[in-house]
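Note sheet for the following structure.
The values are calculated or read from the model by the stated rules, or taken from the named source; none is laboratory data. Since the model is a prediction, treat every value here as computed from it, not as a measurement. Cβ placement follows ideal geometry from the backbone for every residue including glycine, while neighbour counts extend to all protein chains displayed. For accessibility, only protein heavy atoms count, side chains too; no ligands or nucleic acids. Shrake-Rupley method; radii C 1.70, N 1.55, O 1.52, S 1.80 Å.
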Amino acid sequence: MNTLLKASAAAAVLVGVAACASQPEPEPVAETPAPVEEPAPVETVEAAPAEPVYTGPTPGSLEDFQVNVGERVYFDLDQSRLDGDDQEILNRQAAWLATYPQFNILVAGNCDERGTREYNLALGERRAAVVKDYLVSLGVDASRIETISYGKERPLDASSNEAAWARNRNGFTQVLDATAG
Amino acid sequence: MFKKLMAAIAVLCLPAAPALADITIDVTEGTYKPLPIAIPEFTAEGGSEDYSRQITEVVKNDLASTGLFEITQEAAFIQKDLSIDVQPRFADWKIIQTDALVVGETGLTEDGRLRVAFRLWDVYGEEVLRLDNQPGRQYTTTPDNWRRIAHKISDSIYTRLTGESGFFDTRIVYIAESGPKTARVKRLAIMDMDGANPQFLTSGVHTVLTPRFSPSAQEITYMSYEGGRPRVYLFNIETGRQEVLGDFEGMTFAPRFSRDGGSVLLTQARGGNSDIYVMNLRSRQSRRLTDHPAIDTSPSMSPDGRRIVFNSDRGGSPQLYIMNTDGSPLTCPSGGRDTACRITFGQGRYSTPVWSPRGDLIAFTKQTRGKFHIGVIGIDGKGERLLSEAYLDEGPDWSPNGRVITFFRENYPGAGPRLWSVDLTGRNLRQMNTSTDASDPAWSPLLD
């Protein structure tokens, strides 16, 4: 279940990188205002396949991070371990942060609704710390990473089913506005 | 605020003193029959009719809400000329099978104060039931305080007939919730135990969670995201003053007062690890109670202050553990000595333990087979009983007399949370009145 979800999340990212050839994957509903909608696939552009032109988000923009890097890693039930897919996303986050050192990040740990408030606050904190520790191990300066736990208080998906719970068990990396300090 | 109000309530004794009678309810009995009690509208003098009517209604509602009393229907009454100064015609009440009869009156004094008096009669014993060794009760107060007088009358009757201390003259602090699930607004709120007089204590700009009442002062501890960092706060209800509790790194959460109100237990999380601390409110010194790489949270102290029950996943899943407050090893119910003893071994995940004010039981949230339950268990880990079941039942807290448990429930997936209560016996499961979705109820002590 969760692996599938991750696969599709990774697929979404890849599709984004491939610059919108096929139907856009249903993006997870973002907590922050959704990025500018990608233009509908332009199938009519059948001109000579010269060198591909990059039409994606501006490199180094928040949109770039959301679309090309990936903001969320997903955890198994009751777990705070990072699997291979999660590590790939975090590897990209670390690389992006190395390229754009003017940005700091806030990592939020989130849980599904099938636990108690207090335990989930602790579990969310643990998840945020796992993400932070992994990024630090890749060379991101710890002082650039804030963490916070929202427990089960800020679900990404308001539904009450296995798929929603899987999406709600996540570590969310928010790029902070460089000007905010 | 409440102290001032209550100072204005004078409790007097009524004259005359018949002998002690004996009708009681055993509140611990598993099977029982509610006690039939008649509470005719109090007689009113000098324009106090509205108060009489409302006070009588509140008393009836309080007693009926326990499930321990059956309020005799007014249509059945034969005697209509009751007076607090005259013995009732017992035969008229026996014939409609009423065991207890409340006779009261209200009046307004010349300086505009409300006077309320009542007596409790044992119909079959044909005598007045003494209340604190007096043959009746009389209160004088400002009229806007009528509701609290009604609750005090209910407490008096409940205590006389059950032998338990009351819990009607109390308040509930809780989290009022509104808005969509993905952007929920959570405000600190307070109301009378019966849902009257709801008030918001915070604006809703910052998410607040898990309020707890001080057992000894008009003070609340809770967790707030104010300033972008979740921390435990103290809130004084009388002054509205709010302060961060302690100078902890990382986040602090899951606060709960010690039973004497002198300290607050809380959890600190940093670097992915949650451990429990206790902070003395006078000295503001804190002491670490657990030091374990697993999650340790949701601490609750025994009434004698010697032990703490808490939630830990050190065994692989969230379970309940007991430790000595001083950190010394204790003999575990399951054998051996350790610094913390696991007390739950049933199937499922246990959390949010709350020690009963009587000391003998621990209430908890249990998650098993896709459902949530509120339950109780002995401090030795024996005698687990589940009192409720729903899609989500969470966060129990005890009435100050340890007879009733309040918690919050989401009845089905997607339903907003509401406050509920259940008797310790598992009977009398009821939804409490709140005007909004509500969660995290915590019960105040009996007001002065």
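Solvent-accessible area per residue for the range B:138-236 at a 1.4 Å probe radius, Å²? Let's see the in-between values first.
Details: 2840 Å² over 99 residues.
Counting only protein heavy atoms, the per-residue value for the range B:138-236 is 29 Å².
Remark: the range A:62-175 carries a charge dipole of roughly 200 debye about the Cα centre, counting +1 on each Lys and Arg Cβ and -1 on each Asp and Glu Cβ. About the centre of its Cα atoms, chain B shows a dipole size close to 1580 debye [charges on the beta carbon of Lys, Arg (+1) and Asp, Glu (-1) only; nearest 20 debye].
Which order do you get for B:Glu226, B:Glu41 if you rank them by accessible area with a 1.4 Å probe, largest at the top?
Values: B:Glu226 65, B:Glu41 95 Å².
The ordering from most to least exposed comes out as B:Glu41, B:Glu226.
Debye calculation, C-alpha points only, no solvent: report log10 I(q)/I(0) for chain B at q = 0.11 Å⁻¹, in the same order as the q values. Values, matching the q order: -0.90. For the residue pairs B:Lys60/B:Lys80; A:Lys152/B:Lys371; B:Lys186/B:Lys366; A:Lys152/B:Lys382; B:Lys33/B:Lys371, the alpha carbons lie more than 28 Å apart in A:Lys152/B:Lys382; B:Lys33/B:Lys371. Shape of the range B:386-448 from the C-alpha gyration tensor: oblate (a/c of 1.5 or more and a/b not above b/c, with a ≥ b ≥ c the square roots of its eigenvalues).
Report the full-extension gain for the segment B:Leu330 to B:Glu226: residue separation times 0.36 nm, less the Cα-Cα distance, to one decimal in nm.
Working: separation 104, 0.36 × 104 = 37.44 nm, distance 3.90 nm.
Residue separation times 0.36 nm, minus the Cα-Cα distance, leaves 33.5 nm.
Rounded to the nearest Hz, the phi-derived 3J(HN,Hα) couplings of the range B:342-354 under the Karplus curve 6.51 cos²θ - 1.76 cosθ + 1.60 (θ = phi - 60°) are 6, 10, 10, 10, x, 6, x, 10, 10, 7, 6, x, 9, where x marks glycine and proline.
Please say if the range B:160-317 is rounded, prolate or oblate, where rounded means a/c under 1.5 for a ≥ b ≥ c the square roots of the C-alpha gyration tensor eigenvalues, and otherwise the choice is prolate for a/b larger than b/c and oblate otherwise?
On the way: a/c = 1.63, a/b = 1.17, b/c = 1.39.
It is oblate, given that a/c is not under 1.5 and a/b is not larger than b/c.
Put simply, the protein assembly as shown fits an ellipsoid with semi-axes of 56, 26, 22 Å; these come from the alpha carbon gyration tensor as the roots of five times its eigenvalues, largest first.
In percent, rounded to a whole number, the relative contact order of chain B is 11, using alpha-carbon pairs under 8 Å and six or more apart. With 0.36 nm allotted per residue and the present C-alpha distance subtracted, the A:Thr58-A:Asp177 stretch has 41.3 nm of extension available. Between A:Asn91 and A:Arg144, take the C-beta separation as r, use R0 = 25 Å, and let me know the FRET efficiency to the nearest 0.05. Given R0 = 25 Å and the Cβ-Cβ separation, E is 0.95. Taking amide H atoms as placed 1.01 Å from N in the peptide plane, the amide H of B:Ala44 lies under 5 Å from those of B:Thr106, each 5 or more residues away in sequence or on another chain. Applied to the range B:105-117, the Karplus parametrisation 6.51 cos²θ - 1.76 cosθ + 1.60 on θ = phi - 60° returns per-residue 3J(HN,Hα) values of 8, 10, x, 10, 7, 4, 8, x, 8, 8, 10, 10, 10 Hz, with x for Gly and Pro. Mean-square fluctuations from a GNM of chain B, with a 10 angstrom spring cutoff on Cα atoms, peak among B:Ile175, B:Ile71, B:Ile95 at B:Ile95. Measuring heavy-atom accessible area with a 1.4 angstrom probe and counting protein chains only, the residues of the range B:162-188 that give up at least 50 Å² relative to the chain alone are B:Lys181, B:Thr182. Counting pairs of Cα atoms in the range B:10-162, how many percent are more than 18 Å apart? Percentage above 18 Å: 55.
The label-point distance for A:Ala98 and B:Ala183, in a model that sets each label 7 Å from Cα toward Cβ, rounds to 3.8 nm. In the assembled protein chains, B:Lys94 presents an accessible area of approximately 60 Å² (probe radius 1.4 Å).
In the elastic network of chain B, a GNM with C-alpha springs shorter than 10 Å, the most mobile of B:Gly416, B:Gly166, B:Gly179 is B:Gly179. Given a Förster radius of 60 Å and the C-beta distance between B:Asp144 and B:Ala91 as r, what FRET efficiency does 1/(1 + (r/R0)^6) yield to the nearest 0.05? Efficiency, rounded to the nearest 0.05: 0.90. Taking B:Ala183, B:Ala91, B:Ala44 as the candidate residues, the one with maximal mean-square fluctuation in a Gaussian network model of chain B, Cα springs under 10 Å, is B:Ala183.
With r as the distance between the Cβ atoms of B:Ser435 and B:Asp338 and R0 = 41 Å, compute the FRET efficiency 1/(1 + (r/R0)^6) and round to 0.05. Show your work: numbers first, answer last.
Numbers: r = 47 Å, r/R0 = 1.15.
With a Förster radius of 41 Å, E is 0.30.
Axis of helix B:146-162 versus longest Cα principal axis of chain B: the two differ by about 90°, to the nearest ten degrees. Ranking B:Leu361, B:Leu446, A:Leu97 from most to least accessible surface, computed with a 1.4 Å probe over the protein chains only, gives B:Leu446, B:Leu361, A:Leu97.
Between the amide H of B:Arg307 and those of B:Ser302, B:Thr325, distances stay under 5 Å, these residues lying 5 or more places away or on another chain, with hydrogens modeled in the peptide plane. For the protein assembly as shown, a simple Cβ point-charge model (Lys and Arg +1, Asp and Glu -1, everything else neutral) yields a dipole of about 1480 debye relative to the Cα centre. Here the range B:116-217 was treated as a single set of alpha-carbon atoms; its pair distances binned every 10 Å from 0 give 13, 32, 26, 17, 10, 3, 0 percent.
Each eigenvalue of the Cα gyration tensor of the range A:42-181, multiplied by 5 and square-rooted, gives one semi-axis; in descending order these are 30, 20, 13 Å.
What shape does the range B:326-428 take by its C-alpha gyration tensor, where a ≥ b ≥ c are the square roots of the eigenvalues and a/c under 1.5 counts as rounded, a/b above b/c as prolate, and the rest as oblate? Mind showing how you got there, number by number?
Numbers: a/c = 2.37, a/b = 1.63, b/c = 1.45.
Judged from the Cα gyration tensor, the range B:326-428 comes out prolate (a/c at least 1.5, a/b above b/c).
Protein-only accessible surface at a 1.4 angstrom probe places the residues A:Lys132, B:Lys80 in the order B:Lys80, A:Lys132, largest first. Model label sites at B:Gln285 and B:Asn197, defined 7 Å from Cα along the beta-carbon direction, differ in position by 3.9 nm.
Where does the protein assembly as shown land at 222 nm, in deg cm²/dmol rounded to the nearest 500, when only DSSP H runs of n ≥ 4 count, each adding -39500 (n - 2.57), divided by all residues? Show your work: numbers first, answer last.
Numbers: 8 runs with 105 residues, N = 629.
For the protein assembly as shown, the value works out to -5500 deg cm²/dmol.
Projecting the Cα atoms of B:Ala75, B:Leu419, B:Phe372 onto the charge dipole of chain B (Cβ charges, centred on the Cα centre) puts B:Phe372 farthest toward the positive pole.
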